[in-house]
Amino acid sequence: MTGTGGGTGPVDGEAPEYVVAHLEEALARDPRVSEQGLHAAVEDGCVVVRGTVTTVERQAAIAAVAGDVAPDHPLRNEAEVADFPDRPEPEVVE
Amino acid sequence: MIRIAAVGDIHAGEDSPATLGQQFGHLAEGADLLLLAGDLTKRGRPEEARVVADAVAQTGVPVAAVLGNHDYECSRHTEVVSILEGAGVRVLEGSTATYEIGGTVVGVAGTKGFGGGFAGACATPFGEPETKAFIGHTAALADGLEAALRSVAEADVRIALLHYSPVPATLVGERLEIYPFLGSYLLAEAVDRAGADLVLHGHAHAGTERGETPGGVPVRNVAQPLLRRAYALLCLDAGRREAGCEANA
């Protein structure tokens, strides 16, 4: 991971900053997830992913991507699945 | 009173048909028009565009859209546009769609927009060609938006439909460091020069729903992850927006 521009291979043993950066890039670029709105952090040795994804399939895929990029870090997957059953309330734009 | 359903960042994929069908199933009961503020697809693949096309074709209302950055990921955006337009969606880029709804003419001017940042913290077209290209892209799209808005100056209601944000107010909640990748003041300046009744955008999932341009035009961030509802339902009156939406909804 030294300037290859790829950034999605395993990064364990690297500084947390690089783990976070490479995982966020992988979550955006990996076709299983493809979500730029997810944010990663390293907390107490765990990789934590937060944000919203569109489907349960993509939520589950976060674990697969994190497993590829940071295989030695336990994952706390806190990403939510978008679920909006309520009908919208109208807003009169003033 | 015009009732506009607006949403961005639906990120449709082949795993989304049931979700989209549920979200848009009753849309026509409360809305006259559906506006999609970009990131319609997960990665800009034709298969994903077909999911969007099938879902919106069943709404029974006119649909206009702009593309977002996700829709360009696989460099197949031309096919994405063709599929959407084949389903009756007007896909806008520096162009307009006009609708007559209950005697009111609604003009929608659209562009994806792009980044660059906002006053006091924005990139300038100086130095490397890559930097000039970045800001040049935003400036060209802003110019296209301004021309499009001017071309529907006679409409009773004018709406600017974007993916990237024109103002920082609707980005509050996002990390400040990424604002230059979420929008540009050039888009707001185009709106304020040409005039509009409402600006819609997406892209900023963790932003804020409401803002306005420096010229006082209302701005709504309709990114679905921010809304936490299927779409925003916005009501405007040609006589500068009077109450009464609930009675029509």
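The values are calculated or read from the model by the stated rules, or taken from the named source; none is laboratory data. Keep in mind the model is a prediction, meaning the values are calculated, not measured. Positions of Cβ are generated from backbone atoms using ideal geometry, with glycine treated the same way; all protein chains shown enter the neighbour counts.
Of all residues in the range B:128-147, one or more are aliphatic (A, V, I, L, M), farther than 20 Å from residue B:168 by Cβ and surrounded by 15 or more Cβ atoms within 10 Å (Cβ to Cβ). Considering B:155, B:139, B:169, B:148, the condition of being more than 18 Å from the chain's Cα centre (by Cα) and among the small types (Gly, Ala, Ser) is satisfied by B:155 alone.
Being over 28 Å from residue A:91 (Cα atoms), touching a residue at least 12 places away in the same chain (Cβ under 8 Å) and β-branched (Val, Ile, Thr) narrows it down to one of B:106, B:56, B:51, so name that one.
Sole residue among the options that is over 28 Å from residue A:91 (Cα atoms), touching a residue at least 12 places away in the same chain (Cβ under 8 Å) and β-branched (Val, Ile, Thr): B:51.
With respect to the conditions (1) free of Cβ contacts under 8 Å to residues at least 40 places away in the same chain; (2) surrounded by fewer than 23 Cβ atoms within 10 Å (Cβ to Cβ); (3) among the β-branched types (Val, Ile, Thr), residue B:98 falls short on a single one, namely (1). Taken together, the criteria exclude residue B:12 from residues that are under 19 Å from the mean Cα position of the chain (by Cα), surrounded by fewer than 24 Cβ atoms within 10 Å (Cβ to Cβ) and farther than 22 Å from residue B:238 by Cα.
Taking residue B:226 as the residue in question, decide whether it is facing chain A (nearest Cβ under 8 Å) and of a type outside the set (D, E, K, R). When the stated conditions are applied, residue B:226 does not pass them.
For every residue, the table says whether it meets (1) of a type in the set (A, V, I, L, M); (2) farther than 30 Å from residue B:100 by Cα; (3) outside any helix (DSSP H, G or I).
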position	(1), (2), (3)
B:110	no, no, yes
B:132	no, yes, no
B:138	no, yes, no
B:144	no, no, no
B:149	yes, no, no
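In the range B:21-47, the residues that are among the aromatic types (Phe, Trp, Tyr) form Cβ pairs under 6 Å with partners that are part of a loop (DSSP other than H, G, I, E, B), at six or more places apart or across chains, as follows: B:24/B:59. Taking first residues from the range B:185-213 that are within 14 Å of chain A (Cβ to nearest Cβ) and farther than 13 Å from residue B:165 by Cβ and partners that are β-branched (Val, Ile, Thr) and assigned to a strand (DSSP E or B), the Cβ contacts under 7 Å between residues at least 6 apart in sequence or on separate chains come to B:196/B:159; B:197/B:157; B:197/B:159; B:198/B:159. For the range B:48-64, the criterion of being buried (at least 19 other Cβ atoms within 10 Å of the Cβ) and part of a strand (DSSP E or B) is met by at least one residue. Among the candidates B:158, B:150, B:175, B:193, single out the residue that is out of contact with any His (no Cβ under 8 Å at 6 or more places or on another chain), modelled with pLDDT under 95 and basic (Lys, Arg). That would be B:175, the only listed residue that is out of contact with any His (no Cβ under 8 Å at 6 or more places or on another chain), modelled with pLDDT under 95 and basic (Lys, Arg). Residue B:140 falls short on exactly one of the conditions (1) closer than 18 Å to residue B:34 by Cβ; (2) free of Cβ contacts under 8 Å to residues at least 24 places away in the same chain; (3) away from chain A (no Cβ under 14 Å); (4) not β-branched (Val, Ile, Thr), and that condition is (1). The set of residues in the range A:31-41 being at pLDDT 95 or above and surrounded by fewer than 21 Cβ atoms within 10 Å (Cβ to Cβ) consists of A:31, A:32, A:41.
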